[in-house]
Each structure stands twice: as C-alpha cells, then as structure tokens.
C-alpha cells in the first residue's frame, strides 16, 4: 500500500516531521511519501493562506497520478479537501476530519487546541459541516504561530500543554485533538502529561486511509466514497 501525504505549505522541515509521524503508525507493508509544493504560503494560518495554498496542493495531486493508493492532506484546516476528492479516484483524507472521527470513538466530548485564533473559525465551520459540533467542547487557540513549532528551543510545547490543561478544566472534555499538523510529534508526550487521549490527525488519517484502501473504497469524482470494482 502506498500513501501520499501532502503538506500544503512549503515548509520542508514540517513536511519531514509529518512524514516521520506518519511512518511511525503505518502498518508493515505501507509506504508513506511526504511532499510539499514548491510555491505557496510557508504556513497556513486562516482562510487567506488556505486559498493561497490551493494551486500548489492541486498540482501535487495531479503529479501523483495513479502512483498512490490514497492521499492525505496534512493541514488541519482540511485545505481543499472536497475539491481534491473530485480530482482523483483514490481516497483523500483530511487530517482534521480524521482527528475528529478518532476523538469521537475514544471520548464523549473533545476539545481542539490549535495555533492562532485566525484558524478557529475555519475549524469550527469544518466541525459543523461534518456534523461533529455536538461532541466538541471548544476550539481553542494556543496563540502559538505555526512556524514556532519548527523553531528549536521554542516554548511551543509548554504553551500548548497549558492550553490543554485549561481545556480539560473548563470544557468538560475527555480527549484533545491537536489542531495543527506541525504538532504531530507532540501527541504521545502530551497524552502522557495529561492522562487523556491526545489525538494527532496525521496518525488518524494514516490509519483511516489504510482501512479505506483495505476495504477497496475509493472516491467518486461526483462526491462521496464508493466501492471500487
């Protein structure tokens, strides 16, 4: 099984980190290739960055051709997800949607901890569109810029951890979804710190993609998944 993981921003260090996180959870026999576009925003923080990332994202999907069994969009905003599904017959998984599905399987109520407040409305809109709002305690901004997650020695982890503590105290949640692909390497550490499931959407998307491919499910260009004959 071959999975293509596309980071829609152009920050290569983040792409490499996401790729490592995906390979850790991939099953034996599953190969993961992580790519990012050559042009576009260095990070995706809000709808304008998401819009600017679309040409590069779609170019990577076109470049993939028939070489992969599934594609993962490694941006928590699920940038371009529905349009991407119209451009290929293989399953396309957004890490935001995958993270929410995982959270609802292991908790009664979850909170999302993301980066900046500009990302909150996008994530809230996605949660409502997917039909998951009734189980979401709150979408919280940690006020950590995306690229701060890539800076050695930054206080990003501690800041995110403090926001998780507030979510557990105030929201009545019993699981946390990390709202940025750049947080993929923090999930297990934060789960150990807080004693609750902390879900990385990259890992969730890999396992969902493997399941869909194993079930021979693919994406219909007209909309939802269908069985591939």
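Residues of the range 8-35 being touching a strand residue (DSSP E or B) at 6+ places or on another chain (Cβ under 9 Å), farther than 17 Å from residue 187 by Cβ and buried (at least 24 other Cβ atoms within 10 Å of the Cβ), which ones? Passing the criteria: only 8.
Scanning for something more than 18 Å from residue 7 (Cα to Cα) and surrounded by fewer than 16 Cβ atoms within 10 Å (Cβ to Cβ), does the range 173-187 turn up at least one residue? Looking through the range 173-187, none of the residues is more than 18 Å from residue 7 (Cα to Cα) and surrounded by fewer than 16 Cβ atoms within 10 Å (Cβ to Cβ).
Under 9 Å between Cβ atoms, at least 6 apart or on separate chains: pull out the pairs that start in the range 101-122 with a residue that is in contact (Cβ under 8 Å) with a residue 60 or more places away in the chain and at positive phi and end on any residue that is buried (at least 16 other Cβ atoms within 10 Å of the Cβ) and part of a helix (DSSP H, G or I). Partner pairs satisfying both residue conditions: none exist.
Look through 141, 128, 162 and report the one residue that is surrounded by fewer than 21 Cβ atoms within 10 Å (Cβ to Cβ), touching a strand residue (DSSP E or B) at 6+ places or on another chain (Cβ under 7 Å) and over 16 Å from residue 201 (Cβ atoms). Criteria check complete, one pass: 141. If the condition is being in contact (Cβ under 8 Å) with a residue 40 or more places away in the chain and in a helix (DSSP H, G or I), then the range 55-70 contributes 56, 57, 60, 61, 64. Kindly indicate whether any position in the range 182-192 is closer than 16 Å to residue 120 by Cβ and assigned to a helix (DSSP H, G or I). Within the range 182-192 (the criterion being closer than 16 Å to residue 120 by Cβ and assigned to a helix (DSSP H, G or I)), the answer is yes, since at least one residue qualifies.
Where a number appears in this text, it was derived from the coordinates with a stated rule and is not lab data. As the structure is a prediction and not an experimental result, all values here were calculated from the model. As a convention, Cβ positions derive from the backbone with ideal geometry for all residues, glycine included, and neighbour counts pool all protein chains shown.
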